[in-house]
Amino acid sequence: ASSVTTLMSASGCMGDDGFVFIGFLPSKAMERQHRMQLMAAEPRAQVFLEAPHRIEAVARDLQILGDRTLTVGRELTKQFEEIATLPAHSLTDWIHANPQRTRGEFALVVHAQTVVNDPIEVHDKMLRLLMQEVPLKTAVRLTAELTGESRNLLYDRALALKDTKT
């Protein structure tokens, strides 16, 4: 029995592009947050494992993924197996809803990104996400590298997004 196979089957998110197996996330907070940023940019489904003593910290870090769908499996292939699918930002609330949820082995699937056809929406989403974590200039540079869009256009868009936020 495999927790990864079980969770991928239960999540129903196996797409044409397959999935990325991450393994365990880094134990150091800064390294883990950097990995989360990379995960946020990955469009394919991603599977990773987590230990019970770090699940709450991981849940906090996963909030960077916002509404992206997440399937969490606890104690998979065992007697007290539990599986839930929810938005990534809700994982902390799910864990705190039952004290038993901080125990056991965890496998998690970050579902593939939904396809957004409007490039402005894609750029805005990427800019908003990056601006939460890095300076505006860096967010623009990274978005330009990932999308191929003009830095000047993205910089103007980032300023507009920043102004609407305040």
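Data overview
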{"quantity": "Residue ID - nearest to the chain's Cα centre (by Cα), chosen from residues in segment 1-47 that are part of a loop (DSSP other than H, G, I, E, B) and surrounded by 16 or more Cβ atoms within 10 Å (Cβ to Cβ)", "calculated": "25"}
{"quantity": "Some residue of segment 124-145 being in contact (Cβ under 8 Å) with a residue 40 or more places away in the chain and assigned to a loop (DSSP other than H, G, I, E, B)", "calculated": "yes"}
{"quantity": "Matching option when the condition is touching a residue at least 24 places away in the same chain (Cβ under 8 Å) and either under 27 Å from residue 139 (Cβ atoms) or over 17 Å from the mean Cα position of the chain (by Cα) (or both), among 55, 83", "calculated": "83"}
{"quantity": "Test: residue in segment 94-112 that is farther than 25 Å from residue 13 by Cα, modelled with pLDDT of 90 or more, aromatic (Phe, Trp, Tyr) and in contact with a helix residue (DSSP H, G or I) (Cβ under 7 Å, 6 or more places away or on another chain)", "calculated": "no"}
{"quantity": "Candidate set from segment 65-89 (those that are crowded, with 18+ Cβ neighbours inside 10 Å and in contact with a helix residue (DSSP H, G or I) (Cβ under 7 Å, 6 or more places away or on another chain)); member that is farthest from residue 131 (Cα to Cα)", "calculated": "76"}
{"quantity": "Sole residue being out of contact with any strand residue (DSSP E or B) (no Cβ under 7 Å at 6 or more places or on another chain) and among the small types (Gly, Ala, Ser), chosen from 84, 97", "calculated": "97"}
{"quantity": "Complete set of residues in segment 95-116 that are surrounded by fewer than 16 Cβ atoms within 10 Å (Cβ to Cβ), over 18 Å from residue 40 (Cα atoms) and not small (Gly, Ala, Ser)", "calculated": "96, 98, 99, 100, 102, 103"}
{"quantity": "Those residues of segment 154-166 which are surrounded by 14 or more Cβ atoms within 10 Å (Cβ to Cβ) and either within 10 Å of residue 123 (Cα to Cα) or of a type in the set (Lys, Arg) (or both), in sequence order", "calculated": "154, 157, 158, 162"}
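The values are calculated or read from the model by the stated rules, or taken from the named source; none is laboratory data. Remember, predicted model here, so these are calculated numbers, not experimental data. Virtual Cβ from ideal backbone geometry, glycine too; neighbours counted across all protein chains shown.
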